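Written below as C-alpha coordinates is the structure these notes are about.
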Amino acid sequence: MLQDLENNFSELEKKILILQKNYKNLTERLSELNNEHEELKMKYDEERRRNQVLAEEQKNIKLYSAISGNPEHNRLMKNHINRLVKEIDFCIAQLQNSGL
(Lines give C-alpha, C1' and ligand atoms only; values in the text may rest on other atoms or scores of the structure.)
Protein backbone atom coordinates (compact mmCIF):
# COMPACT_ATOMS: atom_id res chain seq x y z
CA MET A 1 0.00 0.00 0.00
CA LEU A 2 2.79 2.40 0.91
CA GLN A 3 4.58 1.37 -2.25
CA ASP A 4 1.46 2.15 -4.30
CA LEU A 5 1.23 5.62 -2.75
CA GLU A 6 4.87 6.29 -3.48
CA ASN A 7 4.38 5.16 -7.07
CA ASN A 8 1.32 7.38 -7.41
CA PHE A 9 3.21 10.36 -6.01
CA SER A 10 6.12 9.60 -8.28
CA GLU A 11 3.81 9.49 -11.29
CA LEU A 12 2.12 12.71 -10.21
CA GLU A 13 5.49 14.39 -9.79
CA LYS A 14 6.52 13.32 -13.30
CA LYS A 15 3.25 14.62 -14.73
CA ILE A 16 3.65 17.91 -12.88
CA LEU A 17 7.18 18.32 -14.24
CA ILE A 18 5.94 17.59 -17.75
CA LEU A 19 3.10 20.09 -17.32
CA GLN A 20 5.53 22.72 -16.03
CA LYS A 21 7.81 22.15 -18.99
CA ASN A 22 4.89 22.35 -21.40
CA TYR A 23 3.63 25.52 -19.72
CA LYS A 24 7.07 27.12 -20.00
CA ASN A 25 7.30 26.15 -23.69
CA LEU A 26 3.83 27.51 -24.37
CA THR A 27 4.52 30.83 -22.65
CA GLU A 28 7.74 31.19 -24.65
CA ARG A 29 5.85 30.41 -27.86
CA LEU A 30 3.17 32.93 -26.93
CA SER A 31 5.84 35.56 -26.41
CA GLU A 32 7.38 34.76 -29.81
CA LEU A 33 3.99 34.92 -31.49
CA ASN A 34 3.20 38.25 -29.82
CA ASN A 35 6.50 39.66 -31.10
CA GLU A 36 5.81 38.34 -34.58
CA HIS A 37 2.32 39.81 -34.46
CA GLU A 38 3.69 43.25 -33.56
CA GLU A 39 6.22 43.07 -36.39
CA LEU A 40 3.54 42.06 -38.87
CA LYS A 41 1.27 44.84 -37.65
CA MET A 42 4.03 47.38 -38.20
CA LYS A 43 4.71 46.00 -41.70
CA TYR A 44 1.00 46.12 -42.49
CA ASP A 45 0.74 49.77 -41.39
CA GLU A 46 3.84 50.63 -43.42
CA GLU A 47 2.47 48.92 -46.53
CA ARG A 48 -0.91 50.62 -46.07
CA ARG A 49 0.78 54.03 -45.91
CA ARG A 50 2.85 53.13 -48.96
CA ASN A 51 -0.30 52.07 -50.79
CA GLN A 52 -1.95 55.40 -49.95
CA VAL A 53 1.06 57.29 -51.29
CA LEU A 54 1.02 55.25 -54.50
CA ALA A 55 -2.73 55.81 -54.91
CA GLU A 56 -2.20 59.57 -54.51
CA GLU A 57 0.65 59.47 -57.02
CA GLN A 58 -1.54 57.58 -59.48
CA LYS A 59 -4.29 60.16 -59.04
CA ASN A 60 -1.79 62.97 -59.67
CA ILE A 61 -0.39 61.23 -62.75
CA LYS A 62 -3.88 60.93 -64.21
CA LEU A 63 -4.51 64.59 -63.45
CA TYR A 64 -1.23 65.67 -65.05
CA SER A 65 -2.01 63.50 -68.03
CA ALA A 66 -5.39 65.18 -68.38
CA ILE A 67 -3.80 68.61 -68.11
CA SER A 68 -1.30 67.74 -70.82
CA GLY A 69 -4.17 67.02 -73.18
CA ASN A 70 -4.41 63.26 -73.04
CA PRO A 71 -7.88 62.55 -74.48
CA GLU A 72 -8.38 59.54 -72.21
CA HIS A 73 -8.32 61.79 -69.16
CA ASN A 74 -10.32 64.78 -70.43
CA ARG A 75 -13.38 63.77 -68.42
CA LEU A 76 -11.27 63.48 -65.28
CA MET A 77 -9.91 66.96 -65.85
CA LYS A 78 -13.38 68.40 -66.46
CA ASN A 79 -14.65 66.82 -63.25
CA HIS A 80 -11.68 68.17 -61.33
CA ILE A 81 -12.19 71.67 -62.69
CA ASN A 82 -15.92 71.52 -61.91
CA ARG A 83 -15.16 70.47 -58.34
CA LEU A 84 -12.71 73.36 -57.95
CA VAL A 85 -15.24 75.83 -59.37
CA LYS A 86 -17.88 74.59 -56.91
CA GLU A 87 -15.44 75.03 -54.03
CA ILE A 88 -14.65 78.57 -55.18
CA ASP A 89 -18.36 79.39 -55.52
CA PHE A 90 -18.97 78.05 -52.02
CA CYS A 91 -16.14 80.19 -50.62
CA ILE A 92 -17.47 83.29 -52.39
CA ALA A 93 -20.96 82.64 -51.00
CA GLN A 94 -19.56 82.29 -47.48
CA LEU A 95 -17.66 85.56 -47.83
CA GLN A 96 -20.78 87.34 -49.06
CA ASN A 97 -22.84 85.93 -46.19
CA SER A 98 -20.28 87.01 -43.61
CA GLY A 99 -20.40 90.57 -44.90
CA LEU A 100 -16.82 90.88 -46.15
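The values are calculated or read from the model by the stated rules, or taken from the named source; none is laboratory data. What you see is a predicted model; the values in this text were computed from it and never measured. Cβ: placed from backbone, ideal geometry, glycine included. Neighbour counts: every protein chain shown. Just the protein is used for accessible areas: all its heavy atoms, side chains included, with ligands, DNA and RNA removed. Shrake-Rupley method; radii C 1.70, N 1.55, O 1.52, S 1.80 Å.
Can you pull the accessible area of Met77 for me, 1.4 Å probe, Å² to the nearest 10?
40 Å²
Compute the angle between helix 74-98 and the longest alpha-carbon principal axis of the chain, please, reported from 0 to 90 degrees and rounded to the nearest 10.
80 degrees
Using Cα positions and a limit of under 15 Å, work out the aspartates and glutamates in reach of Lys62, with same-chain residues fewer than 8 apart set aside.
Qualifying aspartates and glutamates at Cα under 15 Å: Glu72.
Could you do me a favour and compute the accessible area per residue for segment 2-100, 1.4 Å probe, result in Å²? Write out the running numbers ahead of the final one.
Details: 9380 Å² over 99 residues.
So segment 2-100 comes to 95 Å² accessible per residue, rounded to a whole number.
Using a 1.4 angstrom probe on heavy atoms only, work out the carbon and sulfur share of the accessible area of segment 1-72 in %.
In segment 1-72, the share of accessible area belonging to carbon and sulfur is 56 percent.
Report, to the nearest 10°, how far helix 2-67 tilts away from the longest principal axis of the Cα atoms in the chain, using its own Cα long axis and a range of 0 to 90°.
Rounded to the nearest ten degrees, it is 10.
Pop a pseudo-label 7 angstrom from the Cα along the beta-carbon direction at both Asn82 and Leu12 and give the gap in nm to one decimal.
Output for this residue pair reads 8.3 nm.
Can you put Leu40, Leu63, Leu76 in order of accessible area, largest first, using a 1.4 Å probe?
Leu40, Leu76, Leu63
Please work out the FRET efficiency for the pair Leu5 and Asn34, using the Cβ-Cβ distance as r and a Förster radius of 35 Å; give the result to the nearest 0.05.
0.25
Using only DSSP helix segments of four residues or longer, with each worth -39500 (n - 2.57), what per-residue ellipticity at 222 nm results for the chain after dividing by its residue count and rounding to 500?
Rounded to the nearest 500, the figure is -34000 deg cm²/dmol.
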